[in-house]
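Below: the structure, in structure tokens.
The values are calculated or read from the model by the stated rules, or taken from the named source; none is laboratory data. Keep in mind that what you see is a predicted model, and the values were worked out from it rather than measured. Don't worry about glycine lacking a Cβ; one is built from the backbone with ideal geometry, like all the others, and counts go over all protein chains shown. Heavy atoms of the whole protein, side chains included, go into the accessibility calculation; ligands, DNA and RNA do not. Shrake-Rupley method; radii C 1.70, N 1.55, O 1.52, S 1.80 Å.
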Amino acid sequence: MTRILKYMKEYGAMIALVIALLFVQAFCDLALPQYTSDIIDTGIQNKGIEHVMPEKIVPEEFEYAKLFMKEDEQNKWDKSYTKKNNVYKRNKFSEDELDEYDSLFAMPLITNSQMSQVPKDEFKKQLAEQMNVKPEDVTDEMIDGFAAKIGWKVNYNKKTEEKDGKKQTTYYVDMRGMFKNLIGSGAMKQENLIDIRDKMEENFKTMEDSFIKSTAISYTISASKMADVDVDKIQTRYLWIAGFKMIVMALLMSGSAVFAGFFASKIGAAVGMNLRGKIFKKVINFSDAEMNKFSTASLITRSTNDIQQIQMVITMLLRMVAYAPIVGIGGVLKVIQTGAGMSWIIVLAVISVLMLVIILMMLAMPKFKVMQKLVDKVNLVSREILTGLLVIRAFGREKTEEERFDDANKNLTKAMLFTNRVMSVMMPGMMLIMNGISILIVWVAAGRIDTGSMQVGTMTAFITYTMQIIMAFLMLTMMSVMLPRAAVSAERIEEVLNKEITIYDDKDAEVLGRKDNTVVFNDVSFKYPGAEDNVLEHISFTAEPGKTTAIIGSTGSGKSTLINLIPRFYDVSEGSITVGGKDIRNVSIESLRDLIGYVPQKAVLFSGTIASNLRYGRSDATDDEIIEAAQISQSEEFIEGKKAKYDTHISQGGTNVSGGQKQRLSIARAIAKKPEIYIFDDSFSALDFKTDAVLRKALSKKTKNSTVIIVAQRISTILNADQIIVLDGGKIAGIGTHKDLLDNCEVYRQIAKSQLSEAELGISEDNGKEGK
């Protein structure tokens with residue numbers, strides 16, 4: 001994880017922008033459930049009326065409203081309204097002031113509302129207690145008589161409801177007039193009405209504030225209708241405004257999500273690009289010693305698949321891991337704000353999610369750790385089969401190689417199938433938990449709604465917030481699946497980036513000049529990294545400008561190893577190599593290799609054209625120079641025979657030209673570079689004798705001022721060399737001209753006799769015997 005964060009460090013400003021966008025997205029996401037709750041509770045249940053104080057109220061209701069208020073409350077009520085045209089209009093107040101008045105006037109108005117619609121049977125019970133009679137003995141005449149005594153006119157309201165398929169009518173009595181007359185006559189005190197209000201308030205103690213406010217607003221709705229206020233218009237206006245706010249929030253949330261995703265992807269892509277660049281720069285500077293530590297297939301996997309894993313995880317980190325705690329903590333705060341009192345359900349949900357994820361991780365994690373190695377194995381086998389296809393066919397090993405690939409493929413498939421099957425349980429499991437939690441919330445909330453301690457909108461909002469909190473944990477747990485694999489990938493990338501380069505420029509490295517072309521080996525010994533025995537021992541010779549130095553020996557004698565030391569593909573273990581009198585370990589690698597025209601044993605061409613391949617060593621080579629190089633290398637004939645000539649397309653690896661043509665183009669590439677030192681590593685082996693002879697003759701004219709070093713297997717290639725170095729078992733068996741070596745070097749003589757007859761070599765029978 002720390003490695004991945006390190007990769008992201010340089011993109012701090014863009015990451016800050018992404019996090020800011022995520023906060024905006026989370027704010028909008030968390031606001032939407034509250035809007036939904038408000039639409040249900042305020043827009044639908046409360047008809048769009050947001051406060052308990054009616055905007056307009058008729059004088060009679062204005063006075064009734066004060067019945068159950070204390071003196072200071074009555075004063076505030078009176079100051080809150082202005083009478084115009086026989087209607088009291090509410091003065092302008094701020095939202096905070098209206099919220100304060102909601103708490104102040106809610107219970108008086110609820111009590112007022114309850115007393116305005118007391119069931120007739122309940123009223124009879126109260127009257128029977130005062131008359132000392134049974135409730136069923138109280139008649140309408142007795143009620144009218146009681147009302148007449150106190151100067152009160154009884155008003156009845158009826159409400160018809162359908163129960164069990166039958167219509168049932170209930171009559172209600174408005175007792176407020178009675179209380180007003182009793183207070184006016186002195187038969188009842190204001191304190192008695194406050195006692196009634198206190199008892200009512202005691203019944204509402206277990207109910208939440210929003211329910212109390214909603215109950216008070218039911219009175220506000222009826223009072224507003226009496227004052228000819230268009231309640232339906234208020235409701236429609238509220239719903240339109242709330243709906244518009246939700247649309248704006250949704251659009252803002254979508255926009256933030258899109259831009260956050262865009263910048264997160266951009267950061268991920270940039271990190272991927274940088275890592276690929278770093279790996280390429282690192283690998284391009286690897287010596288053969290470092291290259292041997294990693295297989296080619298592994299390096300390809302590390303620079304593609306592994307970086308892709310990190311790129312994807314970085315994008316997901318910024319989109320999911322950064323967003324999850326924001327929306328999760330926000331959801332918890334919103335749940336606390338709702339006051340639903342069901343936080344234990346969220347704890348239960350989170351524990352259930354964590355248990356599911358832990359079980360799945362315990363099953364899948366071991367497989368994730370080996371998956372990248374299995375990908376490497378498939379790539380390695382695939383590369384070996386594709387590059388060695390001709391050999392496989394020649395030896396009839398198709399079936400064996402198919403089985404080898406099938407084994408590697410099956411092992412990877414088994415690992416991937418196992419992890420996919422395990423992880424496929426996650427989503428159904430999560431949906432089961434989420435749906436189960438939703439049912440539990442509805443079941444618990446239904447009881448609370450029934451008792452009035454919760455509203456429907458609050459329940460809806462609580463469900464949404466709970467799902468958001470669970471989803472936040474789900475996002476974090478999903479990342480726990482991806483992070484281990486990405487951590488493995490980061491470790492593999494770091495192995496490459498942290499690999500110590502053994503061949504590098506010193507701080508005070510000198511720069512070689514163009515005429516520094518004398519190559520001297522001073523008692524050079526070499527062994528491969530990790531090996532115990534030397535491959536080369538005590539090699540000393542000088543390759544001078546204008547002369548050709550040839551190296552010959554049996555297979556495995558160290559010929560290619562020796563010339564690989566000159567461009568510093570490896571560094572010597574003992575002794576030194578100098579070019580122009582300077583130790584090559586003390587000069588810059590770039591200036592050293594700039595002097596060298598290297599033709600490898602296995603010709604390598606790059607995808608492009610013939611011209612682009614010939615200019616590979618010197619991009620500013622003119623057309624005449626590359627044509628001359630082609631002529632010297634005997635490539636001109638087949639190039640001119642092609643339709644596009646020098647613009648002929650070359651496939652990757654030069655697969656669309658023959659081995660001899662590929663070899664000649666490699667030689668032409670070195671000639672076009674115009675180096676001071678030519679190195680030919682058995683580069684003429686793919687040429688026929690005639691082409692070989694013509695090419696070397698033309699080459700000798702071009703390289704008369706250059707140092708030429710040729711590794712060869714064929715004696716005919718090096719007959720005219722100025723000096724021939726014979727290697728045997730990593731040691732020099734002889735140095736001299738062809739004639740000298742025939743006379744003095746048994747190893748050379750044996751090689752020569754194996755290729756040419758004694759007559760061709762000019763050896764007499766007696767000389768041959770003496771040599772023996």
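Are there any pairs with C-beta distances below 6 angstrom linking a residue in the stretch 36-48 that is closer than 13 Å to S218 by Cβ to a residue that is not in a helix (DSSP H, G or I), with the two at least 6 apart or on different chains, and if so which? Qualifying pairs under 6 Å: D41/Q455; T42/E50.
Could you grab me the full set of residues in the stretch 641-668 that are assigned to a helix (DSSP H, G or I) and either within 11 Å of A603 (Cα to Cα) or of a type in the set (S, T, N, Q) (or both)? Break it down into steps so the answer makes sense when it comes.
Let us first name the residues in the stretch 641-668 that are assigned to a helix (DSSP H, G or I), namely 645-647, 652-654, 659-668.
Listed by number, the residues that qualify are Q652, G653, G654, G659, G660, Q661, K662, Q663, R664, L665, S666, I667.
So in the stretch 641-681, with the set limited to residues that are of a type in the set (S, T, N, Q) and crowded, with 19+ Cβ neighbours inside 10 Å, which one is modelled with the highest pLDDT? For the stretch 641-681, the residue satisfying everything is S666.
Regarding N435, is this residue over 30 Å from T42 (Cβ atoms), assigned to a helix (DSSP H, G or I) and open to solvent by 30 Å² or more (accessible area, probe 1.4 Å)?
Details: over 30 Å from T42 (Cβ atoms): no; assigned to a helix (DSSP H, G or I): yes; open to solvent by 30 Å² or more (accessible area, probe 1.4 Å): yes.
No; evaluated as a whole, the condition is false for this residue.
The helices (runs of 4 or more DSSP H) found entirely in the stretch 182-294 that carry 2 or more residues being touching a helix residue (DSSP H, G or I) at 6+ places or on another chain (Cβ under 8 Å) and either under 30 Å from A148 (Cβ atoms) or open to solvent by 90 Å² or more (accessible area, probe 1.4 Å) (or both) are 190-203, 209-226, 231-284.
Has the stretch 112-127 got at least one residue that is out of contact with any strand residue (DSSP E or B) (no Cβ under 7 Å at 6 or more places or on another chain), small (G, A, S), open to solvent by 90 Å² or more (accessible area, probe 1.4 Å) and closer than 14 Å to M69 by Cα?
Looking for residues that are out of contact with any strand residue (DSSP E or B) (no Cβ under 7 Å at 6 or more places or on another chain), small (G, A, S), open to solvent by 90 Å² or more (accessible area, probe 1.4 Å) and closer than 14 Å to M69 by Cα, one finds none in the stretch 112-127, hence no.
The residue pairs whose first member lies in the stretch 67-83 and is in contact (Cβ under 8 Å) with a residue 12 or more places away in the chain and open to solvent by 10 Å² or more (accessible area, probe 1.4 Å), whose second member is part of a loop (DSSP other than H, G, I, E, B) and of a type outside the set (A, V, I, L, M, F, W, C), and whose beta carbons are closer than 7 Å, counting only pairs six or more residues apart or on different chains, are Y81/N91.
Taking strands (runs of 3 or more DSSP E) as the structural unit, those lying wholly within the stretch 456-575 and holding at least 3 residues that are open to solvent by 50 Å² or more (accessible area, probe 1.4 Å) and touching a residue at least 24 places away in the same chain (Cβ under 8 Å) correspond to 536-543. Out of the residues in the stretch 578-622 that are surrounded by 17 or more Cβ atoms within 10 Å (Cβ to Cβ) and of a type in the set (V, I, T), state the one that is farthest from I677 (Cα to Cα). Among those that are surrounded by 17 or more Cβ atoms within 10 Å (Cβ to Cβ) and of a type in the set (V, I, T), it is I610. Within the stretch 364-390, the set of residues being of a type in the set (A, V, I, L, M) and under 27 Å from R302 (Cβ atoms) comprises A364, M365, V370, M371, L374, V375, V378, L380, V381, I385, L386, L389.
Scan the stretch 683-703 and give yes if some residue there is in contact with a Ser or Thr (Cβ under 6 Å, 6 or more places away or on another chain), at pLDDT 90 or above and not hydroxyl-bearing (S, T, Y), otherwise no. No, that holds for no residue.
Taking helices (runs of 4 or more DSSP H) that do not extend beyond the stretch 68-174, which have at least 3 residues that are within 27 Å of I217 (Cβ to Cβ) and of a type in the set (A, V, I, L, M, F, W, C)? Break it down into steps so the answer makes sense when it comes.
Values: elements: 71-79, 95-115, 120-131, 140-149.
So the answer is 95-115.
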